[in-house]
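Below: the structure, in structure tokens.
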């Protein structure tokens with residue numbers, strides 16, 4: 001069975017590397033983008049099973065990125081993973097499959113990924 005492919009969109013390099021490593025330990029293939037512009041382009045080129053999306057990013061914020069990704073691939077599951085809980089009430093974020101606030105406990109993210117991808 002092929003590994004599920006995750007597009008991780010995170011502008012903070014240390015966080016991006018940590019999440020990539022942790023998700024790969026759980027058997028996922030992880031491709032990364034450091035900004036929304038590249039992420040939208042990658043969604044058009046790559047066959048991804050899930051997107052993990054930060055909201056506060058340079059060039060294009062995560063909410064705009066979310067809208068553009070959903071325009072390209074309406075059924076692509078998206079997890080918003082951000083340090084800012086206040087965006088949860090913004091209408092467009094409701095289109096995401098999950099909204100998680102970043103914590104030091106990465107197992108919350110990993111469990112949500114597994115649940116969405118049917119790996120639990």
The chain: relative contact order in percent, alpha carbon pairs under 8 Å with at least 6 residues between: 22
Using just the helices of the chain, give the 222 nm mean residue ellipticity in deg cm²/dmol: DSSP H runs with n ≥ 4 each add -39,500 (n - 2.57), and the total is spread over all residues, rounded to 500. -11000 deg cm²/dmol
57, 42 arranged by Cβ crowding within 10 Å, fewest neighbours leading: 42, 57
With equal scatterers on the alpha carbons only and no solvent term, can you work out the Debye log10 of I(q)/I(0) for region 5-113 at 0.18, 0.21, 0.23 1/Å? -0.80, -1.14, -1.42
Residue order, fewest to most surrounding Cβ atoms within 10 angstrom, among 33, 107: 107, 33
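Read the figures in this text as sums done on the coordinates, not as results from a lab. This is a predicted model, so every value here is computed, not measured. When we count neighbours, we look across all protein chains shown, and the Cβ atoms used for this are built from the backbone with ideal geometry, even at glycine.
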